1. Over the Cα atoms of chain B, what radius of gyration and what Dmax do you get, in Å?
2. Take the alpha-carbon centre of the stretch B:20-83, take the same for the stretch A:229-281, and report the distance between them in whole Å.
3. Take the Cα pairs of the protein assembly as shown, get the Kirkwood Rh, then feed it into Stokes-Einstein at 25 °C and 0.890 mPa s and tell me D in µm²/s.
4. Mind ranking A:130-138, A:22-30, B:74-82 by how tightly packed they are, going by the mean number of other C-beta atoms within 10 angstrom, highest first?
5. Take the Cα radius of gyration of the stretch B:3-168 and divide it by 2.2 N^0.38 Å, with N its residue count; two decimals is plenty.
6. Does anyone have the angle between helix A:4-25 and the longest principal axis of chain A? Alpha-carbon axes, 0 to 90°, nearest 10?
7. Once you have all Cα-Cα distances for the stretch B:183-309, histogram them in 5 Å bins from zero and send the whole-percent values.
8. Between B:ILE51, B:ILE136, B:ILE67, find the one with the highest GNM mean-square fluctuation for chain B; connect C-alpha pairs within less than 10 Å.
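Quick note: the coordinates plus some simple rules give every number you see, no bench work behind them. All values derive from a computational prediction rather than experimental measurement. Here the Cβ positions follow ideal geometry from the backbone for every residue, glycine too, while neighbour counts run over all protein chains shown.
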Amino acid sequence: MKNIKELENIVQQVRRDILRMVHANNSGHPGGSLGCAEFLTALYFRIMKHNTAFKMDGIGEDLFFLSNGHISPVFYSVLSRIGYFDIKELSSFRKINSRLQGHPTPYEGLEGVRMASGSLGQGLSVSIGAAITKKLNNDPNIVYTLHGDGELQEGQVWEALMYASANKVDNLIVTIDYNKKQIDGSLEDVLTIGNLSKKLEAFDWIVLEEKNGNNIASVIDILELAISKTKKQKPVAIILHTEMGNGVDFMMGTHKWHGSAPNDDQLEIALSQNTETLGDY
Amino acid sequence: MEHKDTRSGFGAGLTELGRTNNNVVALCADLTGSLKMDEFKKENPSRFLQIGIAEANMMSIAAGLTIGGKIPFTGTFANFSTGRVYDQIRQSIAYSNKNVKICASHAGLTLGEDGATHQILEDIGLMKMLPNMVVINTCDYNQTKAATIAISNHVGPVYLRFGRPKVPNFTDNNQIFKIGEAINMKEGTDVSIFATGHLVWESLVAAEELTKFGISAEVINIHTIKPLDTKTILDSIRKTKCAVTAEEHMLNGGLGDSIAQYLSTTLPTPIEMIGVNDTFGESGTPRDLMIKYGLSSDNIIESARKVISRK
């Protein structure tokens, strides 16, 4: 098992991957990707029981679904760094004839991706389906998902929240990337989601909250707590406070890097704040 | 002639699948009775998911259920099976290539009195435009039952369209349904009538009437709109040299549109098309609606005579 220092090194390399992938195309979504680097690293390198010899059916292993598909750079980086595919393939991100599409898809046969996402609001329903199949198969493993907070403005999410608790889908851990920002500005300005914790509780979910979503030890702790809350007749949600653009000083505290790539000079500054730990792709 | 509804054929097929295939799971959005899914629900409570009135959630849950080997069959009206949930189908089912069977009842005008809000006439077009999607429109009870069973053996997304009213049940009750293989219902030499769904029966009635005018019409049941059985179509056209297409659907995007696209690039042929011409439906009895919107056997007869004169 990797210790915290080793995991932090992975996170730093993942941040470099994200920045370099997005810069190379002058397109992609660095902000949310950087904010979720700790979460995805913790999930894949520490928490989930999963097999990099990828099988679409995922029988006998934990599953993860990325609902906010636009943060594909962090997803691709973590999948390759743990061995689903060669890290060299990260250089094909968003290029013609690539398996690393702008938004993740199984259509191009990329190992580690079981469902297309990008059009928001569908991942929770998908994960409920996968969790129910696990129950029907007597497969005791857990289904994990990640969602943007802005994504909760999609009505389908609330259909799914209602369904999961009513039907006791309790082998499911849903994490909401609570960075309080979206493309057009702050959540507060665009369409507030109000008191999220109370709303989820009103939908009869077990709700956990972690204020330090960019501290890998805290992320591991909250995920382990969440696991201990599964199989208790209720679905489990984690409100994970993160910082959009985390790890790059000029990308933090603003929504402007949601979907914008750094230029050459900005990349250099950003990379200087995140030195190589495992070797660039 | 026995009259039965095609949706009951779906229900019977699903019941049989429930008994023979443990991986089949059924989902419904508060229309269990209308979709004739009660028997499956009763016999397989753990494999029946009542989703409530939340079709978007239903489609995406179905996509997720496939991961781990289940074969989900969703059931609701055709309108709520397609137009309402197009993006969910597009991203989570077609683009993700998931083994989901979208089973859609109450398609077309023959839904009747509920009116245009529920009478979708665009669903074949919406579904056939999606890569990976198989599109089937069955003609009677027996064929719908056989198709329901057959699609469980096809790996990949399928759209199965059927209807509400009781219509003649004229195909064999022991038939084996083969996806993508059109069926020659009546051989003829003067005109090919390519029909799908409820219009297959109307075409057979029309063909019988046409003999009175000395016209020998061939009637082909195109139950699978995608993939289209181009070989059977071409073989028939080489013989008759003209075609009538007939469907309970919008002309834009329907079966006729697919056949015209194929023939115009392969063997340009005079074609007349029976379908709804760029308008919404309305309330009324199924029969009154079929007559008002030009989908009856009389319209097929008229089109056949016209297209023969254009040869």
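1. Expressed in Å, the Cα Rg and Dmax of chain B come to 18.6, 59.
2. The two parts, judged by their Cα centres, are 39 Å apart.
3. Approximately 96 µm²/s, per Stokes-Einstein.
4. Working: A:130-138: 21.2, A:22-30: 19.4, B:74-82: 27.1.
Sorting A:130-138, A:22-30, B:74-82 by mean packing, highest first, produces B:74-82, A:130-138, A:22-30.
5. 0.91
6. 60
7. Calculated over all Cα pairs of the stretch B:183-309, the distribution is 2, 12, 24, 25, 20, 10, 4, 1, 0 percent.
8. Maximum fluctuation in the GNM of chain B, among the listed residues, is at B:ILE67.
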